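Derivation of every value follows stated rules applied to the coordinates shown; laboratory data play no part. What you see is a predicted model, and the numbers here were worked out from it, not measured in a lab. Don't worry about glycine lacking a Cβ; one is built from the backbone with ideal geometry, like all the others, and counts go over all protein chains shown.
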Amino acid sequence: MPADVPSTAAAVSTDSLTARSVRFAITVTAPIALNLLLGPQPWLVYALITAIAAYSVDNGGAAGLRLAWMGAVGLGIIAGAGMGSLAAPSHGLTIAAFAFGGVVYALSESGHQATLTLARFFCFGLAIGALYMRIVWLDVAVVFGFVLFAWAVSAGWDLVAGRWRPAELPALAEIFKAMHARLVERWTFAIVLAIAVPVTFLVSSATGQQKPYWAMLALVLVLRVDFHSSRKLMIERFFGTVLGVTIAALYGAVLPEHFALMIGLVLAALARWPAQQRHGALGVGAITAFVMLMIELISPSQGRTLALFEARVIDTAIGCGMALAALLLERVLYWLARHWIGHA
């Protein structure tokens with residue numbers, strides 16, 4: 001199912017915690033509410049990932065600037081899902097596509113949080129298109145539709161509040177300059193990601209997991225070129241996932257009715273940012289509970305839901321473990337590259 005919103009999703013400093021929480025809840029629960037109203041819809045995964053992605057790049061600023069960034073992340077999802085869908089019939093092409101996605105992510109990592117988010121959601125779309133559901137024209141329309149919806153929530157909120165949030169993005173020239181810094185380190189990181197992303201998919205598939213793309217998503221959510229940042233994100237991702245899955249399972253067992261599950265979704269979405277303020281693992285736990293409650297809401301059987309809950313934890317552990325291995329490999333390659341350059 002859909003990917004988590006990154007733990008460092010964009011939020012401007014002048015924005016209140018309450019405003020962020022309410023806008024997030026409105027933006028991400030709308031696709032699920034529409035799905036319940038219309039009946040099960042195959043496009044839900046693209047609707048939800050777009051809503052999360054568009055919220056994640058809302059850095060304030062003029063209405064046109066916000067729409068441009070949200071539209072860009074929507075195009076990233078479509079491009080990734082399109083590439084994944086084309087590669088899906090061939091195992092070899094799928095592996096190559098995942099390697100390419102790893103390079104895209106690695107080369108964007110040193111830019112800005114907004115460019116990192118674009119790359120992450122390109123990878124999310126790639127994994128979903130290749131492993132979960134091939135994108136069709138209706139899905140493309142849904143992506144653009146929810147980009148516009150997220151933009152309307154963002155701009156409409158400021159209009160009602162009577163205060164237009166200022167832009168919190170550096171100039172594009174500064175972003176591109178940052179992306180061209182530390183070339184040796186970034187290219188060794190790119191080589192490692194080109195290996196780590198497809199290997200993570202293969203490891204998850206080999207263990208018989210139902211959603212191998214969950215492991216890949218965990219990898220790109222925690223892997224940064226800085227070891228200490230990655231280690232912190234790995235710990236938060238794993239323990240937060242265990243916490244969120246446990247909360248969702250207990251809540252669903254006590255309150256299994258659809259209306260109660262929908263209330264749980266809203267509460268989890270509202271808790272996302274206050275929990276993140278307290279500790280990263282709590283923020284991951286809230287968004288994980290949101291995703292798992294959504295699965296429970298739309299799943300046809302409780303047995304299948306429980307199996308997916310277990311798979312979520314296992315795939316997260318695989319993704320975090322592969323991220324650690326990738327960081328160790330990157331340090332070795334970086335040392336070799338610097339040693340070679342020094343003797344060239």
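Dividing the mean sequence gap of close Cα pairs (under 8 Å, 6+ apart) by how many residues region 17-343 holds gives a relative contact order of 21 percent. When both region 135-160 and region 247-321 are represented by their alpha-carbon centers, they are found 24 Å apart. When the helices of the chain are scored as -39500 (n - 2.57) per DSSP H run of n ≥ 4 and the total is divided over every residue, the value at 222 nm lands at -27500 deg cm²/dmol.
If you rank ASP158, ASP315, ASP226, ASP15 by fewest surrounding Cβ atoms within 10 Å, what's the result?
Values: ASP158 17, ASP315 27, ASP226 13, ASP15 21.
With the sparsest Cβ surroundings first, the list reads ASP226, ASP158, ASP15, ASP315.
Modelled spin labels at GLN277 and ALA253, positioned 7 Å past Cα toward Cβ, are 3.2 nm from each other.
Applying a DSSP loop filter and a limit of 12 other Cβ atoms within 10 Å to the GluC sites (Glu not before Pro) in region 245-344 leaves GLU257. Note on the chain: dipole from Cβ charges, positive end direction compared against THR117, HIS258, VAL45; the farthest Cα belongs to THR117. Our estimate of slack between ARG231 and VAL136, defined as 0.36 nm per intervening residue step minus the Cα-Cα distance, is 30.4 nm.
Charged side chains reduced to their Cβ positions (Lys and Arg at +1, Asp and Glu at -1) give the chain a dipole of some 400 debye around its Cα centre. Only Cα sites of the chain enter the Debye sum here, all with the same form factor; the resulting log10 I(q)/I(0) across q = 0.09, 0.15 1/Å is -0.45, -1.33, listed in q order. Among the helices of the chain, those built from whole DSSP H runs whose Cα atoms reach 15 Å or more along their own axis and whose mean Kyte-Doolittle hydropathy is at least 0.5 are 17-38, 44-56, 63-87, 91-108, 113-131, 137-161, 183-206, 212-222, 227-254, 258-278, 280-298, 302-343. For region 32-158, dividing the convex hull volume of the Cα atoms by the residue count gives 88 Å³ per residue. In region 231-344, the alpha-carbon atoms span a convex hull of 110 Å³ per residue.
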